[in-house]
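These notes concern the structure reproduced below.
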Amino acid sequence: MTADNRLRAQAASLADDLVASLAFLTRFPLGWLGAEPSGRPDFRRSSRMFPVVGALVGLVAGIVIVVGASLGAPSLVAVALAVAATMLATGGLHEDGLSDTFDGFGGGATPERKLEIMRDSRIGSHGAAALVFSILIRTAALGALMAAGPWRAALALVAAEAVSRAAMMRVWHDLPAARTDGLAHDTGPPDASAMLTAQAVALVIALIAVWPALGLLPAIAGILLSLAGTYILILYARSQIGGRTGDTLGACQQIAVVLFLVGVASAI
């Protein structure tokens, strides 16, 4: 195979992985674009594109911030609409995981009972409180960043969404499946190459988006705080249920995005 053919094959592989990741993580109308995935994707490899998907979700929400501000909407209204846009883009996938995880961890006495609660579609008090605080803190942090300008707040959101998807992969890779069924078990963890690629891509996106707009210190603060939250969740999930589920991946995304925005907003 010539070098040109290898490059084309690699580009096609990345494009396939991006489409698969978009279909899994978002509600974007890929069918309208003629880009629907064929068959069940191999997330052990294709998950390397998760941070790119996160950046695209953040970009959509960032546009909402900029357009809202340009139309004269109050800062908190603009960023609240942006947070709502991230939920619409993903179908509330990660928020659902957050609420289920907190209900299970907070309401069950044994790992088996915790997993049972996490499968219950009904939301309890722990899950409701976690969801409220996730939305509230994201909105407040972005509202604080609006003081630096809507474009800067939008770029911070792009970075936060990218980093949070890399954080998900860290949990997915580092913890065993807590159940013997379900998507988190059936697909297997991302391989080491995909996981490291995702971490590197998220780091580059975060630095490019935040450093020129808000400075290096806010970028580092956001990254370190989200990393700390991710590793605390890994330890806690291991102690609570012995591993990971799809819900804990969603919870990780929410925790990481919140902590990244808090870190950036606190350091400017």
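The values are calculated or read from the model by the stated rules, or taken from the named source; none is laboratory data. Here the structure is a predicted model, which is why all the values come from computation and not from measurement. No Cβ is skipped: glycine too gets one built from the backbone with ideal geometry, and neighbour counts run over all protein chains shown.
All but one of (1) surrounded by fewer than 21 Cβ atoms within 10 Å (Cβ to Cβ); (2) touching a Leu at 6+ places or on another chain (Cβ under 7 Å) hold for A147; state the number of the condition that does not hold.
(2)
A78: part of a helix (DSSP H, G or I) and either among the hydrophobic types (A, V, I, L, M, F, W, C) or touching a residue at least 40 places away in the same chain (Cβ under 8 Å) (or both), yes or no?
yes
Of the residues A20, A11, A15, which single one is buried (at least 18 other Cβ atoms within 10 Å of the Cβ), modelled with pLDDT under 95, under 20 Å from M195 (Cα atoms) and hydrophobic (A, V, I, L, M, F, W, C)?
That would be A20, the only listed residue that is buried (at least 18 other Cβ atoms within 10 Å of the Cβ), modelled with pLDDT under 95, under 20 Å from M195 (Cα atoms) and hydrophobic (A, V, I, L, M, F, W, C).
Residues in the stretch 193-208: is at least one out of contact with any Lys or Arg (no Cβ under 9 Å at 6 or more places or on another chain), hydroxyl-bearing (S, T, Y) and surrounded by fewer than 21 Cβ atoms within 10 Å (Cβ to Cβ)?
No, every residue in the stretch 193-208 fails to be out of contact with any Lys or Arg (no Cβ under 9 Å at 6 or more places or on another chain), hydroxyl-bearing (S, T, Y) and surrounded by fewer than 21 Cβ atoms within 10 Å (Cβ to Cβ).
If you take the residues in the stretch 50-81 that are crowded, with 20+ Cβ neighbours inside 10 Å and touching a Gly at 6+ places or on another chain (Cβ under 7 Å), which one is nearest to L203 (Cα to Cα)?
Checking each candidate, the answer is V79.
Consider Y236 against the criteria (1) in a helix (DSSP H, G or I); (2) buried (at least 17 other Cβ atoms within 10 Å of the Cβ): it satisfies all of them except one. Which criterion is unmet?
Here Y236 clears every test but (2).
Here's the yes/no breakdown for (1) in contact with a Lys or Arg (Cβ under 7 Å, 6 or more places away or on another chain); (2) surrounded by 23 or more Cβ atoms within 10 Å (Cβ to Cβ); (3) in contact (Cβ under 8 Å) with a residue 60 or more places away in the chain:
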| position | (1), (2), (3) |
| --- | --- |
| M118 | no, yes, yes |
| S121 | no, no, no |
| V132 | no, no, no |
| L155 | no, yes, yes |
| R179 | no, no, yes |
